[in-house]
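The values are calculated or read from the model by the stated rules, or taken from the named source; none is laboratory data. All figures in this text were calculated on a predicted structure; none of them were measured in a lab. Cβ: placed from backbone, ideal geometry, glycine included. Neighbour counts: every protein chain shown.
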Amino acid sequence: MKPLITVDNVHKHFGGTYAARGVSLELYGGEVLALAGDNGAGKSTVIKMISGVYQPDSGTISYQGENITGKNPYEVRDLGIETIYQDLALADNLDVGINIFLGREPMKRRLGFIPVLDRKTMRQEAIRALKDLGIVVNDLSIPVRYLSGGQRQAIAISRAVYWKAKVLIMDEPTAALGVPEQREVKELIGRLKAQGVGIIFISHNLNDIFEVSDRILVLERGRKAGERLISETDEDEVVKLMMGR
Amino acid sequence: MRILRLLTGAWSWLFLLFILIFFEVWSHVTYGRTFFGNIFNAQSILLAATQILMMALGLTFIIISAGIDLSIGFIAGLSAVTMAVVIRALDPHLAPGWSFLAGISAAVLISLIPGFINGWMIAKLKVPSFIGTLGMFGIARGAAFLIADGATVSIRNPVAREFGNGRVIFDLVPIPVLIAIIVTLTFHYLLSSTKFGLYVYAMGGNYASAVRAGVNTTRLTIIIFMISAFTASLMGLFYTGRFSAGAGDAGEPILLNAVAAVFIGGASLTGGSGTIIGTVIGSLIIAVIQFGLVFINVPPFWQFVAVGLVIIIAVLIDQSRDRLTGMSGQEEGA
Ligand SMILES: Nc1ncnc2c1ncn2[C@@H]1O[C@H](COP(=O)(O)OP(=O)(O)OP(=O)(O)O)[C@@H](O)[C@H]1O
Ligand SMILES: [Mg+2]
């Protein structure tokens, strides 16, 4: 099987800070790759280079064998690589349907010639998308700021799923959530994985990582400190890698 | 809960109805005649509401996007004097219709310049809109008085006079009111039914969400400040038409009423909510209060007090909406 994402020896520095120093990784469909490391180890920098937010100083990023280094975030997203940042970037004052469609809204015609937003389709599709993910939201007409943290996370994820993401990158998706909501998100990750989506999962919580991931890649001050199959490692070893020992 | 949500959402409609009934009853009891049923009263109220609405219309877009535009009062003045100066200069050489057309075109075009600069400053230079448009307030004011040479510019153009004072549709509807209705419907459509309008809400709700969705927020910001300048310039045109004279401070007294109309109409200070229909109701409420108080012989300064009270009530209701129902009404309309 060929990898979905290949990161080859990327470097990135900000002034005197070397945030990534020769990081390489591969991500396959249907697997969860955890990115671990201390604060400032370079995890967010690496995924931002994949999603096009940062351009690497050197090295390449490919998607299904095609070099995508240098593409901007919209182009990367259109390829099917969705990134969910920690702040989620939902439009809190708008409803679920619009949040899933924002930027790609369907239109219809009123009186046969006046183009208007097709809110009904957005709402119906939202119901379907959420149902597919096993999420229940009682009132889809309310602004998403009234939803729980887990539901909001689910909306961000269902947006990715609705647009048929092949790669899903999640930067600390459970950090701000309560225990039941963390559970929901982890279950969602399991279901997406079963559908063949490749997932990069950043977390500081080793329990979560060991629960959902297949492989783990540890970064230490911008360098790759090690890469292990989850089934062949344990928390002690990972902590040692994170501390550079 | 649903009922509460509906009531708090619809309070401005109910309030408008309430003050209309109040003045109607008062009028019957004291003068033995109708208040709103009188065509002259109704037309005067609608004309006053049109003035407020023209400034408030564009402002609604700005406030939904979580900004403010303080410069519209003097942009209206700039438009009013530009129209008057151009008509005055051309009248000896052209037919009145042509000089009128040249006057209103020049006024609208000149007014779009400060609108563009506002948007550009705010989007590109990241100047907070309160500060940026306060600066433009001073600049547009200076420009208006400079163009008018510090005085009122009077004109004698029959087409302009008809534009400001004429009536159509069985001699019932003042021309400015008719134009205002058409402009309002257009902007209502833009805000409620197009991607453009949706992105204004998204930008006001969470700037990052709009950026992430691929919205060109710089362009969007410039466009909404140009819309704001455009509707303010219409207010200036109506002023010059109505009084056959342009004045630099034509729109200045209306600014606060326009801001009030948008908030009474359900917009929130933090952005992300508000509707054109709400703003129309807000403008009507203020116009009815102003005209009604004069009608029942209350000294005119009480208008300020009354409008001030309504603004405070509006804000209180906006806040209690969240507390009472866990919902904020007048969200982006479905
Ligand atoms: N835009 C930037 N400008 C300057 N320095 C940056 C920038 N982005 C990241 N850095 C620096 O690069 C290093 C790596 O940061 P990065 O955000 O990738 O770490 P991280 O592993 O995601 O950390 P955390 O677990 O705290 O989120 C840090 O030292 C950080 O200060
Ligand atoms: Mg990070």
message: Are there strands (runs of 3 or more DSSP E) fully within the stretch A:132-245 with at least 3 residues that are in contact with a Pro (Cβ under 9 Å, 6 or more places away or on another chain)? List them.
response: A:198-202
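Matching residues to (1) of a type in the set (Gly, Ala, Ser); (2) touching a residue at least 40 places away in the same chain (Cβ under 8 Å); (3) loosely packed, with under 15 Cβ neighbours inside 10 Å; (4) more than 18 Å from residue B:104 (Cβ to Cβ):
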{"position": "B:145", "(1), (2), (3), (4)": "no, yes, no, yes"}
{"position": "B:165", "(1), (2), (3), (4)": "no, yes, no, no"}
{"position": "B:183", "(1), (2), (3), (4)": "no, yes, no, no"}
{"position": "B:193", "(1), (2), (3), (4)": "yes, no, no, yes"}
statement: Given (1) within 14 Å of ligand 1 (Cβ to nearest atom); (2) not assigned by TED's automatic domain parsing to the domain that holds residue A:173; (3) not in a loop (DSSP other than H, G, I, E, B), residue A:45 misses just (2)
query: Just one of A:57, A:95 is of a type in the set (D, E, K, R), without any contact (Cβ under 8 Å) to a residue 60 or more places away in the chain and in the same structural domain as residue A:202 (by TED's automatic domain parsing); which is it?
result: A:57
- request: Run residue B:208 past the list (1) touching a helix residue (DSSP H, G or I) at 6+ places or on another chain (Cβ under 9 Å); (2) within 14 Å of another protein chain (Cβ to nearest Cβ); (3) without any contact (Cβ under 8 Å) to a residue 12 or more places away in the chain and report the number of the one that doesn't hold.
  value: (1)
Identity of the residue in the stretch A:58-94, buried (at least 17 other Cβ atoms within 10 Å of the Cβ) and among the charged types (D, E, K, R), that ends up nearest to the other protein chains (Cβ to nearest Cβ): A:92
- prompt: Which of the residues belonging to the stretch A:25-42 are within 16 Å of ligand 1 (Cβ to nearest atom), surrounded by fewer than 18 Cβ atoms within 10 Å (Cβ to Cβ) and not charged (D, E, K, R)?
  reply: A:39, A:40
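Regarding the stretch A:58-81, can at least one residue be identified that is acidic (Asp, Glu) and either in contact with a strand residue (DSSP E or B) (Cβ under 6 Å, 6 or more places away or on another chain) or within 16 Å of ligand 2 (Cβ to nearest atom) (or both)? Write out each step before concluding.
Restricting attention to the stretch A:58-81, the residues satisfying the condition of being acidic (Asp, Glu) are A:66, A:75, A:78.
After this cut, where a residue has to be either in contact with a strand residue (DSSP E or B) (Cβ under 6 Å, 6 or more places away or on another chain) or within 16 Å of ligand 2 (Cβ to nearest atom) (or both) as well, the list is none.
No: the stretch A:58-81 contains no residue that is acidic (Asp, Glu) and either in contact with a strand residue (DSSP E or B) (Cβ under 6 Å, 6 or more places away or on another chain) or within 16 Å of ligand 2 (Cβ to nearest atom) (or both).
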- request: Please determine, by comparing only the residues of the stretch A:34-55 that are under 26 Å from residue B:213 (Cα atoms) and away from ligand 2 (no atom under 11 Å from the Cβ), which one is farthest from the chain's Cα centre (by Cα).
  value: A:55
query: Conditions: (1) within 8 Å of ligand 1 (Cβ to nearest atom); (2) at positive phi. Residue A:52 meets all but one. Number of the miss?
result: (1)
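Among the residues of the stretch A:1-20, write down those that are within 15 Å of ligand 1 (Cβ to nearest atom) and either surrounded by 19 or more Cβ atoms within 10 Å (Cβ to Cβ) or outside the structural domain of residue A:214 (by TED's automatic domain parsing) (or both). Don't jump to the end; show me each part of the working.
Residues of the stretch A:1-20 that are within 15 Å of ligand 1 (Cβ to nearest atom), as a first pass: A:7, A:10-20.
Within the stretch A:1-20, A:7, A:10, A:12, A:19, A:20 qualify.
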